[in-house]
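Before any comments, here is the structure.
The values are calculated or read from the model by the stated rules, or taken from the named source; none is laboratory data. It should be emphasised that the depicted structure is a prediction, and the values quoted were computed from it without experimental measurement. Cβ placement follows ideal geometry from the backbone for every residue including glycine, while neighbour counts extend to all protein chains displayed.
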Amino acid sequence: MDSRVVVITGASSGIGAALARNLGARGDRLVLGARRMDRLKQVAAESGSQAIAAATDVTRRKDMENLRDVALREYGHIDVWVNNAGWATGKTVMELTDEEFQGVIDVVLKSVLYGMQTVVPHFQGRGKGHLINVSSTLGRVPLVSYRSIYSAAKSGVNVLTANLRMDLRARYPGISVSLVLPGIVDTEFHLVARTPMATKAGTHVGAATVLAPEEVATQIAGLIDSPIAELYVPASGAELAKQYYQDVGAFEERMARW
């Protein structure tokens, strides 16, 4: 398989770093974006000789445009763009401050808009490309109350992704737009967001098993090879969402008892 040029945001840790190492091992050419350059350079070094680290604050449109320009300057084109950066706070709706609300919206939702508006014109010019937005099952089943604004922002990511896919499908059938909805993943995210539960890979939270970021990365690598509209990781997330929307009230009652 020919190597691809892949841009990944939020690549200094977690799913983004695991994906970079996975794709680098198979020979893809990578441009990795994140704010923490020390960590990002380490991930780039672990991802092969064709991985480039570029300082990127995803809440700044200019930084996202620079990330694109680095990829175009080094490799001439972009095949895949992965909007992966994320951040959360452990606050319920009534506890949220203005600063916390805006901070999550900027990192989780606005950055996805910036990424899409930055790379899609390039894809349109080539007539092909693959955009992948990493969301969360909580964007479909928002029943962890201390993830209130995170769930809301990820729900926005879901809707933006679907709308873009519909906008492009008639005139640009060669452009794929995918949404990834992971469950609970063992990353630094939970430490930053002050998660009040065990999040070590392999442990259980209710009926869910906490995933290692490498498991999600493997699934995203497969998605790059065979694009589809939505990918739940694990696949059981799709059934969970189906149950939720069939009867929200009954689902919430079951969750409350649990």
*Out of all the residues in segment 67-76, is one or more out of contact with any Gly (no Cβ under 6 Å at 6 or more places or on another chain), farther than 15 Å from Arg29 by Cβ and at pLDDT 95 or above?*
yes
*Do we have any residue at all in segment 164-177 that's β-branched (Val, Ile, Thr), assigned to a helix (DSSP H, G or I) and surrounded by 15 or more Cβ atoms within 10 Å (Cβ to Cβ)?*
no
*asked:* Which of the helices (runs of 4 or more DSSP H) found entirely inside segment 1-117 contain at least 3 residues meeting this: out of contact with any Leu (no Cβ under 9 Å at 6 or more places or on another chain) and free of Cβ contacts under 8 Å to residues at least 40 places away in the same chain?
replied: 37-46, 61-75, 98-104
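State which residue is surrounded by the fewest Cβ atoms within 10 Å (Cβ to Cβ) when the search covers only segment 229-248 and only residues that are of a type in the set (A, V, I, L, M, F, W, C) and within 15 Å of the chain's Cα centre (by Cα). Quick ask: steps written out before the conclusion?
Kept after step one, since they are of a type in the set (A, V, I, L, M, F, W, C), are these residues of segment 229-248: 229, 231, 233, 235, 238, 240-241, 248.
Next, only the ones that are within 15 Å of the chain's Cα centre (by Cα) stay: 229, 231, 233.
Numbers: Ala229: 12, Leu231: 23, Val233: 22.
Filtering segment 229-248 for residues that are of a type in the set (A, V, I, L, M, F, W, C) and within 15 Å of the chain's Cα centre (by Cα), the one surrounded by the fewest Cβ atoms within 10 Å (Cβ to Cβ) comes out as Ala229.
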*Among the residues of segment 184-197, is any outside any loop (DSSP other than H, G, I, E, B), modelled with pLDDT under 95 and in contact with a Pro (Cβ under 6 Å, 6 or more places away or on another chain)?*
yes
*asked:* If I ask for residues that are among the polar types (S, T, N, Q), under 18 Å from Leu160 (Cβ atoms) and in contact with a strand residue (DSSP E or B) (Cβ under 6 Å, 6 or more places away or on another chain), which ones from segment 41-100 would you list?
replied: Asn83, Asn84
_Looking only at segment 46-90, count every residue that is within 25 Å of Val216 (Cβ to Cβ), of a type in the set (D, E, K, R) and either surrounded by 20 or more Cβ atoms within 10 Å (Cβ to Cβ) or under 19 Å from the mean Cα position of the chain (by Cα) (or both) and tell me the total._
4
*Does Phe101 meet the test of being among the hydrophobic types (A, V, I, L, M, F, W, C), at pLDDT 95 or above, within 24 Å of Gln50 (Cα to Cα) and crowded, with 16+ Cβ neighbours inside 10 Å?*
no
